[in-house]
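Report on one structure; see the data block that follows.
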Amino acid sequence: MSVAALLGAISAVGADGRRGGFSRHGFDSADMELRAWFTEEAARRGLAVETDRNGALWAWWGEPGDDAVVTGSHLDSVPGGGAYDGPLGVAAALVAVDLLRERGFTPNRPLAVTVFPEEEGGRFGLACLGSRLMTGAVGTAAALRLSDPDGVTLADALASAGLDPAHVGRDERALSRIGVFVELHVEQGRGLVDLDAPVGVAHSILAHGRWRLRFTGEGNHAGATLMADRRDPMVPAAGLVLAARRAATAIAGSRATVGRIVPVPGGTNVIPSTVDLWLDARAGDDLRTRAVVAEIEAAARELAADEGCAVTVTEESYGDAVVFDAALREELSGVLGGVPDLPTGAGHDAGILAAHVPTAMLFVRNPTGVSHAPEEFASDADCEAGARALADVLAHLAR
Ligand SMILES: [Zn+2]
């Protein structure tokens, strides 16, 4: 079965008629359908599927065991996301198993295909939730308290999915099983297009994090309140969007994005009482990321004061820059005939795992360069090239 056929089989699951693309979030109905699809595809290949303490799926080729070669990605999406971010790595892993069998290959180490839950943080707000839980990068109690926009906590969602919230947390057993982790992913940029290469190896990931800024003013009537009498938190929030643009433009290689603003109560004829705004900031290293955020925070305080409003800033997540294991990078590039290695601005479970186990990533060319949007794309031929590359890498690692 081809990668395209596998992705085609799930092309209706979580399709978002309003935003376009897909909305598939950790343990929601679309995600549960995808998890069932994965379990079925694994079973069709004779792979035994386990669910670990944190809700990650593991499909084992042969006996589960330590020091395994593990590959996989995620099946959830951002709201209105593309078809490839996540599912490409899972489908390519299943096809790679098929290819290895066709080649008559038998692994000399345990080999598993994994699916990490809630990688995008699209439901509970914390990206790479599954890998953060597995590695202890987020505390159990704090994670279980995370809630979705409807007020459903992670603990509730796990219980609804048949998982026991009491077992959530750092998983030494799962970690000790990963001898090496390789995640294949659609490229989220145009690096491979410019290099005219279908497949590459990841070099590094930017330092990145999410911050919530809450501006508090005075809710009031849009008609009866004179302009001079207002303490409107939407005004500093609006200024903050521009301040973020200025701050990131001033520091080389950094990015700052405000992709989500929630005014309360959110009425057309109502001055909001509070405005929550989420900042995503990234840069090549910790120092520059912190500098961008410090600049934006200072602007937030000044903008709030000018309007007679208050502001609080809460760091919701942070990850330092990741440079993938140099020896492994070089080795895999060599196995693939000297494919290029390139940096990315996007976070991944592989980036979280890299602090604990030897980790690498393969990227597949994305001709649009667009990701986290319906226009994200990879040609069928490049998807197959990715699966073949992954098969070559797995065969090398499990030889
Ligand atoms: Zn992804």
Practice task
Check A291, A252, A283 and return the single one that is small (G, A, S), surrounded by fewer than 23 Cβ atoms within 10 Å (Cβ to Cβ), closer than 14 Å to G209 by Cβ and in contact with a strand residue (DSSP E or B) (Cβ under 9 Å, 6 or more places away or on another chain).
Solution key: A291
Practice task
Identify all residues within the range 58-103 that are assigned to a strand (DSSP E or B) and either more than 16 Å from the ligand (Cβ to nearest atom) or not polar (S, T, N, Q) (or both); write none if there are none.
Solution key: W58, A59, W60, W61, A68, V69, V70, G72, H74, G81
Practice task
Could you tell me whether the range 226-246 includes any residue that is within 30 Å of F324 (Cα to Cα) and surrounded by fewer than 20 Cβ atoms within 10 Å (Cβ to Cβ)?
Solution key: yes
Handout entry: Close pairs from the range 383-399: first over 15 Å from A68 (Cβ atoms), partner polar (S, T, N, Q) and surrounded by 23 or more Cβ atoms within 10 Å (Cβ to Cβ), Cβ under 8 Å, at least 6 apart
Key = L390/T71
Exercise for the section: Among the residues of the range 301-341, write down those that are touching a His at 6+ places or on another chain (Cβ under 7 Å) and either at positive phi or within 16 Å of the ligand (Cβ to nearest atom) (or both). Expected result: G319, F324
Completion exercise
Only unsatisfied item for G121, checking (1) more than 16 Å from the ligand (Cβ to nearest atom); (2) closer than 30 Å to V264 by Cβ; (3) buried (at least 19 other Cβ atoms within 10 Å of the Cβ), is (1)
Exercise for the section: Pairs only if they're at least six apart or on different chains, beta carbon under 8 angstrom, first in the range 156-183 and over 30 Å from L394 (Cα atoms), second β-branched (V, I, T); list them, first residue then second. Expected result: L158/V168; L163/T51
Problem - Hey, A174 in a helix (DSSP H, G or I), closer than 26 Å to A92 by Cβ, away from the ligand (no atom under 16 Å from the Cβ) and within 22 Å of the chain's Cα centre (by Cα) or not - result: yes
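Values quoted throughout were computed directly from the atomic coordinates according to the rules given, and no laboratory measurement underlies them. Quick caveat, the model's predicted, so the values are computed rather than measured. Cβ: placed from backbone, ideal geometry, glycine included. Neighbour counts: every protein chain shown.
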